[in-house]
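Student: Dropping a structure here in structure tokens format, bear with me for questions.
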């Protein structure tokens, strides 16, 4: 019988807190049960083991990212939309490093829910970039480019990869500006 008040949302919130404070690898069923002051077998009333818990974390993170991106991009287009998308991406990665890491896992081939959650982010990136007139493969290449750029920056920052004493926000602004100028140049060829 499930403990009163214990549900999947409670588990995900507690697991997110662990992931964000101690890293995704610290999220284990034993540690989560200890944090919630329950026995580990009680978790199986809500998740099917650690892989399912991490999948649920990823889905939660993707949903939150989508919401954050939509809010940031509301009523924006062109450079403003791409900048809003980019800053929302970095803000999420900074605020939720463990949850962000969980979102980076690739969906299993038969996991429709994960694929759909990831596709929402792709659609939001395409929406941010729609003012540049990119179509088909060019648009997808641009989405891959911005994702690579944002993930690379967020990952390097999280791992302490920027050792020089320069303002990272200035670097990030320059990175976005360079991306925007390059994206604009694609259509002038």
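The values are calculated or read from the model by the stated rules, or taken from the named source; none is laboratory data. Worth saying up front: this structure is predicted, and the values here are computed from it rather than measured. A quick note on method: Cβ atoms are made from the backbone with ideal geometry, for glycine too, and the neighbour counts reach across all protein chains shown.
Student: As an exercise: evaluate residue 143 against (1) under 30 Å from residue 21 (Cβ atoms); (2) touching a helix residue (DSSP H, G or I) at 6+ places or on another chain (Cβ under 9 Å) and give the number of the one condition it does not meet.
Tutor: (1)
Student: Assess whether residue 71 counts as being more than 19 Å from residue 156 (Cα to Cα), in a helix (DSSP H, G or I) and without any contact (Cβ under 8 Å) to a residue 40 or more places away in the chain.
Tutor: yes
Student: Next question, about the same structure. Taking the residues in segment 43-65 that are over 15 Å from residue 101 (Cα atoms) and crowded, with 16+ Cβ neighbours inside 10 Å as candidates, determine which candidate is nearest to the chain's Cα centre (by Cα).
Tutor: Quick first cut of segment 43-65, residues over 15 Å from residue 101 (Cα atoms) only: 43-50, 52.
Remaining after also requiring crowded, with 16+ Cβ neighbours inside 10 Å: 43, 46-47.
Working: 43: 25, 46: 23, 47: 22 Å.
For segment 43-65, the residue satisfying everything is 47.
Student: Taking residue 160 as meeting all but one of (1) part of a loop (DSSP other than H, G, I, E, B); (2) within 21 Å of residue 18 (Cα to Cα); (3) under 17 Å from the mean Cα position of the chain (by Cα), write down the number of the exception.
Tutor: (3)
Student: Out of contact with any strand residue (DSSP E or B) (no Cβ under 9 Å at 6 or more places or on another chain), assigned to a helix (DSSP H, G or I), at pLDDT below 95 and farther than 30 Å from residue 178 by Cβ: which single residue out of 6, 43, 57 fits that description?
Tutor: Values: 6 fails: assigned to a helix (DSSP H, G or I); 57 fails: at pLDDT below 95.
One residue alone meets the criteria, 43.
Student: List pairs: first residue in segment 166-188 and outside any helix (DSSP H, G or I), second residue surrounded by 11 or more Cβ atoms within 10 Å (Cβ to Cβ) anywhere in the structure, Cβ distance under 8 angstrom, at least six positions apart or on different chains.
Tutor: 187/132; 187/133; 187/134
Student: Which residue out of 82, 120 is touching a residue at least 24 places away in the same chain (Cβ under 8 Å), farther than 16 Å from residue 151 by Cβ, assigned to a helix (DSSP H, G or I) and touching a helix residue (DSSP H, G or I) at 6+ places or on another chain (Cβ under 8 Å)? Don't jump to the end; show me each part of the working.
Tutor: Values: 82 fails: farther than 16 Å from residue 151 by Cβ.
Answer to the check: 120.
Student: Report whether or not residue 63 is modelled with pLDDT of 95 or more, touching a helix residue (DSSP H, G or I) at 6+ places or on another chain (Cβ under 6 Å) and part of a helix (DSSP H, G or I). Step through it out loud before you land on a result.
Tutor: On the way: modelled with pLDDT of 95 or more: yes; touching a helix residue (DSSP H, G or I) at 6+ places or on another chain (Cβ under 6 Å): no; part of a helix (DSSP H, G or I): yes.
No; evaluated as a whole, the condition is false for this residue.
Student: Do we have residue 134 as over 24 Å from residue 59 (Cα atoms) and crowded, with 17+ Cβ neighbours inside 10 Å here?
Tutor: On the way: over 24 Å from residue 59 (Cα atoms): yes; crowded, with 17+ Cβ neighbours inside 10 Å: yes.
Yes; evaluated as a whole, the condition is true for this residue.
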